[in-house]
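What follows is one structure encoded as structure tokens, with my remarks underneath.
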Amino acid sequence: MAKKTIQRFLPDHNKVKHHKSLKIFGRLLHDANLWHLNRRSARGAFSVGLFFAFIPVPFQMVLAAALAIPLRVNLPISVAVVWITNPLTMPPIFYCSYLIGTIALGQPEQHFAFEPSWQWFLDSLTTIGPAFLVGSLICATFASAIGYFGVDFLWRRSVRKAWVNRHK
């Protein structure tokens with residue numbers, strides 16, 4: 001059941017192989033294990049994708065693919081899960097990451113107003129930057145672990161349920 005549910009949402013692997021942003025990986029994308037879907041590849045892919053979803057860097061999909069290839073986990077899942085942080089969800093997720101970083105570093109919360117300028121970005125690196133980056137790493141690690149063990153649990157539960165239904 002879990003495998004069939006996930007496969008419904010996966011893109012065609014030929015489309016992903018020829019995606020322009022993944023061309024840098026060349027022949028590495030032809031490894032069959034990157035496209036195979038089983039419990040090990042799915043839980044690893046969710047873990048990789050969730051980790052990079054919470055890291056505030058550009059090209060999160062490319063980074064998720066770069067880690068999925070040597071770990072030999074499902075590439076389409078790891079790249080797709082990164083989109084949990086999209087333009088709509090990014091502000092609340094990253095603000096929560098900042099708050100968690102202030103708690104972790106024992107710093108008081110600083111009030112700031114976002115300005116789309118290079119100067120604001122440079123100034124914020126020293127003021128809110130450390131708390132934001134630490135909070136992002138904490139959230140990324142936590143989400144990655146939850147994704148890994150959550151998918152593993154759901155996959156095993158689905159297999160157990162199918163096994164019971166077959167014996168009835």
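The values are calculated or read from the model by the stated rules, or taken from the named source; none is laboratory data. Owing to the predicted nature of the structure, the values given are computational and were not obtained by experimental measurement. Here the Cβ is made from the backbone with ideal geometry for all residues, glycine too, and neighbour counts use every protein chain on show. When the accessible area is computed, the model is the full protein with side chains, heavy atoms only, and any ligands, DNA or RNA have been set aside. Shrake-Rupley method; radii C 1.70, N 1.55, O 1.52, S 1.80 Å.
A few remarks follow.
- Scaled radius of gyration (Cα, divided by 2.2 N^0.38 Å) that segment 70-131 gives: 1.45
- Considering segment 82-168 at the alpha-carbon level, its Rg and Dmax are found to be 19.4, 67 Å.
- Projected label points at residue 112 and residue 39, each 7 Å from Cα along the beta carbon direction, are separated by 4.3 nanometres.
- Residue 72 contributes about 110 Å² of solvent-accessible surface, heavy atoms of the protein only, 1.4 Å probe.
- Taking all protein chains as shown and a probe of 1.4 angstrom, residue 122 keeps an accessible surface of around 70 Å².
- Note on residue 165/residue 83: beta-carbon distance plugged into 1/(1 + (r/R0)^6) with R0 of 41 Å gives a FRET efficiency of 0.80.
- For segment 41-48, 3J(HN,Hα) computed residue by residue from phi via the Karplus equation (6.51, -1.76, 1.60; θ = phi - 60°) reads 6, 6, 5, x, 5, 5, 5, 5 Hz, glycine and proline entered as x.
- Counting only protein chain heavy atoms and rolling a 1.4 Å probe, the accessible areas of 161, 168 rank, largest first, as 168, 161.
- In sequence order, calculated HN-Hα J values of segment 149-158 (Karplus, 6.51, -1.76, 1.60; Hz; x Gly/Pro): 6, x, 5, 4, 5, 5, 5, 4, 4, 5
- Note on residue 134: accessible area is roughly 50 Å² with a 1.4 Å probe, heavy atoms of protein only.
- When 93, 138 are compared by accessible area at a 1.4 angstrom probe, the order from most to least is 138, 93.
- Among 51, 59, the order of accessible area from largest down is 59, 51, computed with a 1.4 Å probe on protein heavy atoms.
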